[in-house]
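One structure below.
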Amino acid sequence: MSNESAKVYQPSPDFVKNAAVSGMEGYKALCAEAEQDYEGYWGKRAKELLSWQTPFTKILDESNAPTYGWFVDGKLNASYNCLDRQVERGLGDKVALIFEADDGQVTKVTYKELLARVSKIANALKELGVQKGDRVIIYMPMTIDGIASMQACARIGATHSIVFGGFSAQSLRDRISDAGAKVLITSDGQFRGGKSLPLKAIADEAFAMGGCEACTSVLVFKRTGVDVAMTAGRDVWADDIVNKQSDQCDPVWVEAEHPLFLLYTSGSTGKPKGVQHSTGGYLLHAMLTMLYTFDLKKEDIFWCTADIGWVTGHTYITYGPLACGGTEVVFEGIPTFPNAGRFWDMIQKHKVSIFYTAPTAIRSLVKAADTDPSVHPKKYDLSSLRLLGSVGEPINPTAWEWYYENVGGGRCPIVDTFWQTETGGHMITPMPGATPLVPGSCTLPFPGIQAAVVDETGNEVPWGQGGILVVKKPWPSMIRAVWGDADRFKKSYFPEDLGGKLYLAGDGAIRDANNGYFTITGRIDDVLNVSGHRMGTMEIESALVAHPMVAEAAVVGRPDDLTGEAIVAFVVLKGSRPTGDDAKKVIKELSDFVGKEIGPIAKPKDIRFGDNLPKTRSGKIMRRLLRSLAKGEEVTQDTSTLENPQILEQLKG
Ligand code: 6R9
């Protein structure tokens with residue numbers, strides 16, 4: 001495969017001139033620097049960009065590979081690096097956050113104010129007994145206090161773990177329990193798209209399920225004003241305990257390897273895994289990618305539309321922009337409320353210069369603009385924009401071009417950033433003032449990152465040939481552990497089949513035959529990507545079989561124009577196969593059940609019933625057949641090993 005015929009978009013001379021990574025010569029020089037002295041490359045930047053309380057003397061520690069350590073003997077604090085030092089540098093009155101609420105109300109928070117708020121929350125956490133190394137679960141909406149709570153944990157060396165506000169009581173319970181969290185931070189409710197939705201009530205349900213006994217306090221912020229039940233001795237209002245605290249709180253200096261956060265994400269098997277990140281290496285890459293990929297300058301207004309519940313919200317809302325002393329927009333709501341022009345209206349209003357969003361949002365806004373010209377981006381003044389970004393899933397060339405022309409006015413480079421929860425920050429991405437862009441390709445590795453495409457035995461395949469995406473060398477912001485499961489860490493990310501030394505991303509990729517550009521071809525494991533959200537097929541299957549009516553279930557993905565992939569579930573009930581209205585009733589029941597077990601994002605788009613699932617004679621479910629059926633394709637694959645070929649007819653849908 002080659003992109004030879006594809007249109008190439010060159011960065012403008014102006015952009016190149018002022019960019020941190022200027023021209024392909026600039027990019028190549030950085031790559032060469034890393035090539036010649038890999039540790040030196042990262043060490044130099046860690047010294048320059050981070051403020052260390054105790055400087056490190058050792059850069060990379062491989063003694064416990066594949067658990068790598070970076071800057072191991074250095075000490076620092078992430079919150080100090082994001083807040084105090086900006087104030088010390090004279091940026092105290094600079095706006096850190098431009099918060100726009102769901103209802104459009106805007107609140108600006110300076111670095112000085114944010115530091116004071118974070119310190120108060122940190123002091124409150126201390127009063128609740130939180131100490132260095134304790135885990136704190138945060139189940140909060142996209143608010144100033146959501147971000148401040150993360151920073152407050154970092155300030156006192158507590159390890160935070162955010163649970164996305166759209167997750168269910170069951171998911172929340174599992175994470176509180178797995179992390180052994182001491183405190184839960186939540187709010188009474190959240191606003192989304194003009195609706196007031198509960199959070200605290202869901203947290204109460206999670207506690208009622210049992211297994212959260214180690215969690216002795218619940219700190220509750222007020223957001224929607226909805227009535228909530230408060231359990232005496234456990235629950236405490238932030239208004240009571242936070243506001244009275246001192247706005248001074250000394251940062252707790254931690255080792256560079258100290259776990260800054262855990263973030264649960266879906267894998268191909270079993271329950272979600274707690275991806276553990278470090279403090280020093282993680283923060284370094286958060287900053288370096290802000291500077292290189294986003295070319296952040298002091299006058300930029302940066303806006304990443306992600307939620308703090310996902311890794312993108314960690315690196316490119318809570319940590320990266322603040323550690324660089326930037327000004328960022330934080331948005332509580334959704335792109336389609338009060339109408340599908342919300343993003344464009346906000347870019348215009350806040351004069352956003354760097355805008356980072358997901359392909360799924362772009363696709364839905366393309367559709368909206370097509371049907372309602374009044375919400376077309378061309379109707380807004382988007383001239384403040386100078387750079388666009390994309391993350392979460394492959395961006396199809398049509399959406400890329402629409403984004404480029406209509407949002408970027410044909411003048412803004414698009415950085416299609418490939419990375420993962422486990423990688424902490426960008427791995428393969430254009431440098432906006434250097435890399436010629438090809439829609440649909442995330443182009444070339446971030447300077448210093450050693451990405452490659454290999455076969456099943458770990459040998460590199462020639463350009464033009466598809467294979468498995470790996471990273472050949474450890475990098476500072478890589479995953480350090482799967483919380484509480486060392487075995488799973490090794491098996492998932494450094495499998496023996498590939499020699500035990502290559503980091504396995506879980507995605508397929510192909511490099512262009514001519515220029516070596518990477519194109520991600522999608523997950524190679526049983527992980528689906530629905531609207532940029534990772535969902536394990538096994539997780540959804542487990543949820544389905546937990547329903548008393550279900551005997552067996554298999555879940556696969558099917559391509560979807562809007563959400564990238566859609567979830568299709570094939571279900572065998574314990575009773576007879578329902579049809580007509582009966583089937584509709586059961587579908588609703590099962591779909592709601594999955595929503596309750598995991599969260600609404602996990603609800604299947606399509607549920608089909610069979611008397612059985614297509615299986616081999618040895619009893620293995622033949623998923624490739626299910627994938628064809630889900631797509632509505634004729635099954636052309638070899639079905640000779642199939643025990644029960646007649647079942648295919650029933651499952652056609
Ligand atoms: C940051 C984030 C990771 C998975 C990843 C891949 C997909 C992310 C992409 C992309 C193609 C891009 N992915 N960015 N695929 N092009 N620019 O999304 O983390 O939620 O862990 O998802 O998302 O499949 O493996 P996470």
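The values are calculated or read from the model by the stated rules, or taken from the named source; none is laboratory data. For clarity, every value in this text was computed on a predicted model and none was experimentally measured. Virtual Cβ from ideal backbone geometry, glycine too; neighbours counted across all protein chains shown. Side chains included, ligands, DNA and RNA excluded: accessible areas come from the protein's heavy atoms. Shrake-Rupley method; radii C 1.70, N 1.55, O 1.52, S 1.80 Å.
What is the stretch 531-651's relative contact order, in percent, from Cα pairs under 8 angstrom and six or more apart in sequence?
25
For the stretch 69-113, what is the Kirkwood hydrodynamic radius in Å, using each pair of distinct C-alpha atoms?
Roughly 12.4 Å, rounded to one decimal.
Counting only heavy atoms of protein chains, what accessible area per residue, in Å², does the chain have with a probe of 1.4 Å?
Result: 37 Å² per residue.
Report, in debye and to the nearest 20, how large the dipole of the stretch 531-651 comes out about its Cα centre when Lys and Arg carry +1 and Asp and Glu carry -1 on their Cβ. Could you put the intermediate results ahead of the total?
Details: 18 positive and 18 negative charges, 39 e Å.
Charge dipole of the stretch 531-651: 180 debye, to the nearest 20.
Strictly greater than 45 Å: what percent of every Cα pair in the chain meets that?
Values: 34637 of 212878 pairs.
Result: 16 percent of Cα pairs exceed 45 Å.
Amide H of Leu60 versus every other amide H placed in the peptide plane: which residues, excluding those fewer than 5 positions away on the same chain, fall under 5 Å?
Amide H neighbours of Leu60: Phe71.
So what is the relative contact order for the chain, in percent, with contacts set as C-alpha pairs under 8 Å and at least six apart?
Values: 1461 pairs, mean separation 88.8, N = 653.
Value for the chain: 14 percent.
Per-residue ellipticity at 222 nm for the chain, helices alone: DSSP H runs ≥ 4 residues times -39500 (n - 2.57), over residue total, nearest 500 deg cm²/dmol?
The helix contribution divided over the chain gives -8000 deg cm²/dmol.
Highest mean first, what order results for 73-80, 447-454 on Cβ atoms within 10 Å?
Details: 73-80: 23.4, 447-454: 20.4.
Order by mean packing, descending: 73-80, 447-454.
For the stretch 271-362, compute Rg over Rh where Rg is the Cα radius of gyration and Rh is the Kirkwood radius from the inverse mean 1/r over Cα pairs.
Computed over Cα atoms, the ratio is 1.00.
Quick one: dipole size for the stretch 55-214, taken about the Cα centre, charges +1 on Lys/Arg Cβ and -1 on Asp/Glu Cβ, in debye to the nearest 20.
Dipole about the Cα centre, nearest 20: 360 debye.
Given an 8 Å cut-off on Cα distances and at least 6 residues of separation, report the relative contact order of the stretch 437-568 as a percent.
That works out to 20 percent.
Given the pairs Lys273/Lys596; Lys367/Lys631; Lys585/Lys605; Lys17/Lys472; Lys182/Lys603; Lys120/Lys200, which are separated by over 25 angstrom at their Cα positions?
From Lys273/Lys596; Lys367/Lys631; Lys585/Lys605; Lys17/Lys472; Lys182/Lys603; Lys120/Lys200, over 25 Å: Lys17/Lys472; Lys182/Lys603.
Based on the Kirkwood radius over alpha-carbon pairs, what is the Stokes-Einstein translational diffusion coefficient of the stretch 531-651 at 37 °C with 0.692 mPa s viscosity, in µm²/s? Show your work: numbers first, answer last.
Values: Rh = 14.7 Å.
D, rounded to a whole number, is 224 µm²/s.
Give me the percent of the accessible area of the stretch 531-651 that comes from carbon and sulfur atoms, probe 1.4 Å, all protein chains in place.
Working: 2920 of 5750 Å².
Taking all protein chains in place, the stretch 531-651 shows 51 percent carbon and sulfur surface.
Provide the per-residue ³J(HN,Hα) series for the stretch 17-27, in order, calculated from phi with Karplus coefficients 6.51, -1.76, 1.60 and θ = phi - 60°, each as a whole number of Hz, with x at glycine and proline positions.
Those phi angles translate into 4, 9, 6, 4, 10, 9, x, 5, 4, x, 4 Hz.
Only bridges whose two residues both fall in the chain count here: according to DSSP, what percent of them are antiparallel, nearest 5?
Among the beta bridges of the chain, antiparallel pairing accounts for roughly 60 percent.
Estimate the FRET efficiency between Thr521 and Glu205 by the formula 1/(1 + (r/R0)^6), using the beta-carbon distance for r and 45 Å for R0, to the nearest 0.05.
E(calc), rounded to 0.05, equals 0.70.
Which one of Ala154, Val530, Ala602 has its Cα pushed farthest toward the positive end of the charge dipole of the chain, where Lys and Arg give +1 and Asp and Glu give -1 at the Cβ?
Ala154
Put a dot 7 Å past each Cα toward the Cβ at Asp487 and Arg624; how far apart are the dots in nm?
Modelled inter-label distance: 3.0 nm.
What are the semi-axes of the equivalent ellipsoid of the stretch 47-96, taken as the square roots of 5 times the eigenvalues of the Cα gyration tensor, listed largest first and rounded to whole Å?
For the stretch 47-96, the semi-axes come out at 29, 10, 7 Å.
May I ask what percent, to the nearest 5, of DSSP beta bridges between residues of the stretch 531-651 are antiparallel?
75
Could you tell me which residue out of Val568, Gly133, Val87 lies farthest along the dipole of the chain toward its positive end? Charges go on the beta carbon: Lys and Arg +1, Asp and Glu -1, centred on the Cα centre.
Val87
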